[in-house]
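Colleague: So that we are looking at the same thing, I have put the structure below in structure tokens.
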Amino acid sequence: MRYVSTRGTAPVLTFEEAMMTGLARDGGLYVPETVPQLSHAQIAAMAGQSYEDVAYDVMRPFIGDTFTDAEFKGLIAAAYRGFGHAARAPLVQLAPNHFLLELFHGPTLAFKDFAMQLIGQMFQASLTRSGSRITIVGATSGDTGSAAIEAFRGLKNVDVFILYPHGRVSEVQRRQMTTPVEANVHALAVDGDFDDCQAALKDMFNDFAFRDEVRLAGVNSINWGRVLAQVVYYFSSAVSLGAPHRPVSFTVPTGNFGDIYAGFIAKRMGLPIDKLVVATNQNDILHRTLQTGVQQKMGVTPSISPSMDIQVSSNFERALFDAYGRDGAAVAGQMEDLKSKGQFAISQGAYEMLRQTFASGRVSEDETRATIKSTLATAGELLCPHSAVGVRVATDHLGPVPMITLATAHPAKFPDAVEQATGIRPPLPPRMADLYERAERVTRVPNDLFTLQTLIRERIRP
Ligand SMILES: *Cc1c(COP(=O)(O)O)cnc(C)c1O
């Protein structure tokens, strides 16, 4: 299995190389050269299997000879051992034919743990084998950073730096990043918004001298390994509801297009998915793009679902690559327009492909709060604001096909918004109940590339 860049000119890599590289050297994102197919019988055989067994069956065809079968099984087992639920990704029913996929039972209470815990295991195995070290720099709107720190804290051949927008993450998110005591963990509060953090990260990757000097590696959803780990729960949940014998639909609260793109890969692998519905908050660039065929950046307005407060949606590039028939030059042209003009217009054929594949909806702040309240009343389920955005959009797409809405975070990760909507302050699970008492350690930094690079150079261990 080989990996190619969405912009067509970077070197073709193995799975291991693509995972350790992150952003391609031509500025693109790595995708598999071909998407492996699972047969009807292979998917049917997943019924009744453990999450780990489904994970192995879904991901094995993508990893080539990076790990032996036994090694890969061991890494999967270690990745999900720390989850607080035996099913890993349990389904609960909200309404007739509407189901919620709870992806928040991992160590940092958000779906990012599914990918990050596995990546942590895979990075460690690969680095131990090669005897090398890396510097991980990640940009976060809150959950990626906490999940990355949790996955890499204390590893001896990794230093991890997380850039988050100062004052724009929830207190639980911040504390999960600032309270780990390990010396290889560095939380950096940037004076800017998430897009500034992500832009600084991209600039570091495009500074090849710096990139090679510090052995930079990325764990944002530009990393193919993350997308791959997220494909698994589309299979595990669909099979519980009768796939491949009957189709299912999914609604996914998204900003960076990473999670929904994983659903698209599941569909291309042969999982019978009817609708894939994109749910956005008021920062609705993806909804607007899918409705109009034009992607246009606007300012970010902070919302009660901050992990989706995004205007530059990295993973959309992967979908564009497919929509353009895997024409890297066409994608590179569109990305150039986005950078220079703040927008691009998708060509007719590509737009039609996207329209056929993805539906979309946008949810206001008031609707989000109302959905948290009504779902508690009708189903007894306390939703985080991101999950509520999904549930609200999904209700417009209910029909004869079962709908699965992804619940991306635990309500206790966003207690203020949940309390405001319901009057109930959701408690943290007992295993992390002392989070508010732990001491914090963070460095405030300006939104300036040179300052950030200098700080990273000074802090990495030889
Ligand atoms: C990251 C995140 C999202 C958005 O995920 P995408 O990668 O943008 O699809 C949604 N909800 C929560 C809680 C998140 O942490």
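Colleague: Could you check the spin-label model distance between Q348 and D207? Points 7 Å from the Cα along Cα→Cβ, value in nm.
Modeller: 4.5 nm
Colleague: Based on the mean of other beta carbon atoms within 10 Å per residue, what is the order of 430-437, 192-199, 32-39, most packed first?
Modeller: Peptide ranking by packing, descending: 192-199, 32-39, 430-437.
Colleague: With the other protein chains left in place, how much accessible area per residue, in square angstrom, belongs to the stretch 20-64 at a 1.4 angstrom probe? Mind dumping the intermediate values first?
Modeller: Values: 1650 Å² over 45 residues.
Spelled out: the 1.4 Å probe surface of the stretch 20-64, per residue, equals 37 Å².
Colleague: Of the accessible area of the stretch 334-460, with the probe set at 1.4 angstrom, what percent is carbon plus sulfur?
Modeller: Carbon plus sulfur share of accessible area: 51 percent.
Colleague: Under a crude label model (7 Å from the Cα following the beta-carbon direction), how far is D337 from R81 in nanometres?
Modeller: It works out to 5.0 nm between the two label points.
Colleague: Is the chain best put as rounded, prolate or oblate by its Cα gyration tensor, with a ≥ b ≥ c the root eigenvalues, rounded for a/c under 1.5, and otherwise prolate when a/b is larger than b/c, oblate when not? Write out the running numbers ahead of the final one.
Modeller: Numbers: a/c = 1.21, a/b = 1.11, b/c = 1.09.
It comes out rounded by the Cα gyration axes.
Colleague: Then there is this: Give the calculated FRET efficiency between K156 and R326 to the nearest 0.05, with a Förster radius of 41 Å applied to their Cβ-Cβ distance.
Modeller: 0.55
Colleague: Right, here's the next one. For the chain, what is the mean residue ellipticity at 222 nm derived from helices alone (per DSSP H run of n ≥ 4: -39500 (n - 2.57); sum divided by total residues; nearest 500 deg cm²/dmol)?
Modeller: Mean residue ellipticity, 222 nm, calculated: -13000 deg cm²/dmol.
Colleague: Between the alpha-carbon centers of the stretch 48-110 and the stretch 378-454, tell me the distance in whole angstrom.
Modeller: One Cα centre to the other: 20 Å.
Colleague: Moving on. Any idea what the relative contact order of the chain is, in percent, if you count C-alpha pairs under 8 Å spaced at least 6 apart?
Modeller: On the way: 936 pairs, mean separation 90.0, N = 462.
About 19 percent, as a whole number.
Colleague: Separate question: Tell me, what ³J(HN,Hα) does each residue in the stretch 241-254 have, in order and in whole Hz, if you take phi through Karplus 6.51 cos²θ - 1.76 cosθ + 1.60 with θ = phi - 60° and put x for Gly and Pro?
Modeller: 9, x, 5, x, 6, 9, x, 9, 10, 10, 10, 10, x, 8
Colleague: Another question, if that's okay. To check my understanding: the extent here is largest minus smallest coordinate of the Cα atoms along each principal axis. What are those three numbers for the stretch 177-262, in Å, largest first?
Modeller: Projected onto its principal axes, the Cα set of the stretch 177-262 covers 51, 31, 24 Å.
Colleague: Is the stretch 153-219 best put as rounded, prolate or oblate by its Cα gyration tensor, with a ≥ b ≥ c the root eigenvalues, rounded for a/c under 1.5, and otherwise prolate when a/b is larger than b/c, oblate when not?
Modeller: Oblate, because a/c is 1.5 or more while a/b does not exceed b/c.
Colleague: Which value, in Å², gives the accessible area per residue of the stretch 196-341 when a 1.4 Å probe is used on the protein heavy atoms?
Modeller: Value returned for the stretch 196-341: 28 Å² of accessible area per residue.
Colleague: Give the shape of the stretch 38-115 as rounded, prolate or oblate, defined through the alpha-carbon gyration tensor: a ≥ b ≥ c are the square roots of its eigenvalues, a/c under 1.5 means rounded, and otherwise the shape is prolate if a/b is larger than b/c and oblate if not.
Modeller: Note, shape of the stretch 38-115 comes out oblate.
Colleague: I've got another one for you. For the peptides 167-174, 244-251, what is the packing order when you average, over each peptide's residues, the other Cβ atoms within 10 Å and list the highest mean first?
Modeller: 244-251, 167-174
Colleague: Pairs of Cα atoms under 8 Å, at least six residues apart: use those to get the relative contact order of the stretch 145-259, whole percent.
Modeller: Result for the stretch 145-259 is 20 percent.
Colleague: Please compute the contact order of the stretch 1-76 in relative form: average sequence separation of alpha-carbon pairs under 8 Å and at least six residues apart, divided by the residue count, as a percent.
Modeller: 30 percent
Colleague: Let me ask another. Taking only protein heavy atoms into account and a 1.4 Å probe, give the accessible area per residue of the stretch 376-427 in Å².
Modeller: Values: 1790 Å² over 52 residues.
Solvent-accessible surface per residue comes out at 34 Å².
Colleague: Report in % the part of the accessible area of the stretch 35-118 that belongs to carbon and sulfur, leaving out ligands and nucleic acids; probe 1.4 Å.
Modeller: Roughly 54 percent of what the probe reaches on the stretch 35-118 is carbon or sulfur.
Colleague: Going by average Cβ neighbours within 10 Å, how do the peptides 68-80, 320-332 rank, with the highest at the top?
Modeller: 320-332, 68-80
The values are calculated or read from the model by the stated rules, or taken from the named source; none is laboratory data. All values derive from a computational prediction rather than experimental measurement. We place every Cβ from the backbone using ideal geometry, glycine too, and count neighbours over all the protein chains shown. To get the accessible areas, we keep the full protein, side chains included, count just its heavy atoms, and leave off ligands, DNA and RNA. Shrake-Rupley method; radii C 1.70, N 1.55, O 1.52, S 1.80 Å.
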